[in-house]
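Before any comments, here is the structure.
The values are calculated or read from the model by the stated rules, or taken from the named source; none is laboratory data. This is a predicted model, so every value here is computed, not measured. Cβ placement follows ideal geometry from the backbone for every residue including glycine, while neighbour counts extend to all protein chains displayed. SASA here: full protein model, heavy atoms, side chains in, ligands and nucleic acids out. Shrake-Rupley method; radii C 1.70, N 1.55, O 1.52, S 1.80 Å.
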Amino acid sequence: MSELPPLEVPGRLHKLRPLLVDAGVDALLVTDLSNVRYLTGFSGSAGVLLVEGARDRALLVTDGRYRTQAAEQLEASGTAGSVELGVGGAQVQRDALAGMIGSSVHRVGIEAEHTSWASKRRFAEAMAPAELVATAGLVEALREVKDAGETARISRAAEIADAALGEVLPMIGQGTTEADLALALEVAMRRLGAEDRAFETIVASGPNSAKPHAQPTGRHILTGDPVVIDFGATFDGYRSDMTRTFCAGRAPAGELARVFEVVRAAQAAGVAAVKAGVEAGDVDSACRDLIAKAGWAEAFEHSTGHGVGLDIHEAPAVASGSTAILAAGTVVTVEPGVYLPTVGGVRIEDTVVVTGNGCSPLTTFTKDVVA
Ligand code: ZN
Ligand code: ZN
């Protein structure tokens, strides 16, 4: 396996600090674990990072299970010099955080979307007399634009997913069940080097294909069925996301054939609209307008796409009316679909990286319909 470019973790705290000033806080308590990982390289399941805005100081607290791992990961990511580590039980962690709050810190931001009411109360006690202030999307904004190391990892996840789908696709013609196909796909991804699936795999056939987020069932796939497969792999923390819809055993007929055609054209139009400087909402309308023209506006009920990275759904949303400006290096999905209860559903999705003059797809599996 070829060497991947390193993640540029150490520079991220520097990029975050000006955003704290803009948000009117002297420090930020980072509680979202993907945000903690992004800023420090620490990937444990428990930990809080306190970042000071004015001084080059940050403190990661976690519990004893992660004593060794946290130290190793700070070292490996290059942040050991700029992030102090505090390890111990809940009270030890709160005391360590309180100890960081000097007399110059009056307002401490919390990640309002990732902090429970109960932990907000505990933090308020620990941070007193500093005041807690709700913030939203500060680290997430930084995460939108990927560095070369991140894109390479998403791309590797996508390659693994593509290869796994190629391995299991013949099962469709053999009358497999949805659940067996989903399991085989996940096992293949793991065998090909994924550390996990990126999210719960969707395999939805026949009438189930008309439910955008169907769970795989014991239903046997029949000739002529549409089969929606929406899945991804996780590689070194980064996820991929792809949907293909196949027709089992033969070319689709009647209205289903038209649905395939329209969704494929809409997805191509959406991908063609992706470019640095474009509003995410314009990518959504590129897809939506074609589907509406075909008379199926109501049958495309979800948004066109989303950012992908450490999380399967992250900023920016590629949704109707979204004014988020796509920047070069942002990774988003384009995934229109049409779902007709009496005919079936079709969704086609690629993960793409935005470039100055368009985008390059990271998921490249064939869009040939018959499987
Ligand atoms: Zn998907
Ligand atoms: Zn998606």
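So the values come out like this:
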{"item": "Matching residues in region 310-335 - criterion: being over 21 Å from residue 7 (Cα atoms), assigned to a loop (DSSP other than H, G, I, E, B) and either open to solvent by 40 Å² or more (accessible area, probe 1.4 Å) or within 13 Å of ligand 1 (Cβ to nearest atom) (or both)", "result": "320, 321, 323, 335"}
{"item": "Test for residue 338: is it hydrophobic (A, V, I, L, M, F, W, C), at pLDDT 95 or above, within 11 Å of ligand 2 (Cβ to nearest atom) and open to solvent by less than 10 Å² (accessible area, probe 1.4 Å)", "result": "no"}
{"item": "Residue list for region 236-247, restricted to those being crowded, with 21+ Cβ neighbours inside 10 Å and away from ligand 1 (no atom under 16 Å from the Cβ)", "result": "247"}
{"item": "Residue 211 being away from ligand 1 (no atom under 16 Å from the Cβ) and out of contact with any helix residue (DSSP H, G or I) (no Cβ under 8 Å at 6 or more places or on another chain)", "result": "no"}
{"item": "Matching option when the condition is in contact with a His (Cβ under 7 Å, 6 or more places away or on another chain), assigned by TED's automatic domain parsing to the domain that holds residue 243 and within 25 Å of residue 34 (Cα to Cα), among 317, 328, 324", "result": "317"}
{"item": "Answer residue from region 81-100, given it is out of contact with any Leu (no Cβ under 8 Å at 6 or more places or on another chain) and of a type in the set (Val, Ile, Thr) and is least open to solvent (accessible area, probe 1.4 Å) among those", "result": "87"}
{"item": "Identity of the residue in region 241-295, in contact with a Phe, Trp or Tyr (Cβ under 9 Å, 6 or more places away or on another chain) and more than 21 Å from residue 172 (Cβ to Cβ), that ends up nearest to ligand 2 (Cβ to nearest atom)", "result": "287"}
{"item": "Any pair with Cβ under 9 angstrom, 6 or more apart, that starts in region 293-309 at a residue that is over 19 Å from residue 154 (Cβ atoms) and basic (Lys, Arg) and ends at one that is away from ligand 1 (no atom under 14 Å from the Cβ) and open to solvent by less than 50 Å² (accessible area, probe 1.4 Å)", "result": "293/262"}
{"item": "Checking residue 145 against (1) open to solvent by less than 40 Å² (accessible area, probe 1.4 Å); (2) touching a Gly at 6+ places or on another chain (Cβ under 7 Å); (3) β-branched (Val, Ile, Thr), the condition it does not meet", "result": "(1)"}
{"item": "Elements of type strands (runs of 3 or more DSSP E) contained in region 185-244, each with 1 or more residues being among the polar types (S, T, N, Q) and more than 22 Å from residue 366 (Cβ to Cβ)", "result": "233-235"}
{"item": "Subset of region 350-371 (residues that are within 16 Å of ligand 1 (Cβ to nearest atom) and either closer than 23 Å to residue 222 by Cα or without any contact (Cβ under 8 Å) to a residue 12 or more places away in the chain (or both))", "result": "365, 367"}
{"item": "Among residues of region 27-47, those that are open to solvent by less than 50 Å² (accessible area, probe 1.4 Å), of a type outside the set (A, V, I, L, M, F, W, C) and farther than 13 Å from residue 143 by Cβ, counted", "result": "6"}
{"item": "Members of region 282-309 found to be open to solvent by 10 Å² or more (accessible area, probe 1.4 Å), away from ligand 1 (no atom under 16 Å from the Cβ) and not acidic (Asp, Glu), listed by number", "result": "285, 286, 288, 290, 292, 293, 294, 295, 296, 297, 299"}
{"item": "Residues satisfying the stated conditions in region 245-262, i.e. part of a helix (DSSP H, G or I) and among the aliphatic types (A, V, I, L, M)", "result": "256, 257, 259, 262"}
{"item": "Residue check for residue 275: outside any strand (DSSP E or B), touching a strand residue (DSSP E or B) at 6+ places or on another chain (Cβ under 8 Å), among the charged types (D, E, K, R) and not assigned by TED's automatic domain parsing to the domain that holds residue 209", "result": "no"}
{"item": "Residue match in region 22-39 (condition: assigned to a helix (DSSP H, G or I), without any contact (Cβ under 8 Å) to a residue 40 or more places away in the chain and either under 24 Å from the mean Cα position of the chain (by Cα) or more than 29 Å from residue 312 (Cβ to Cβ) (or both))", "result": "yes"}
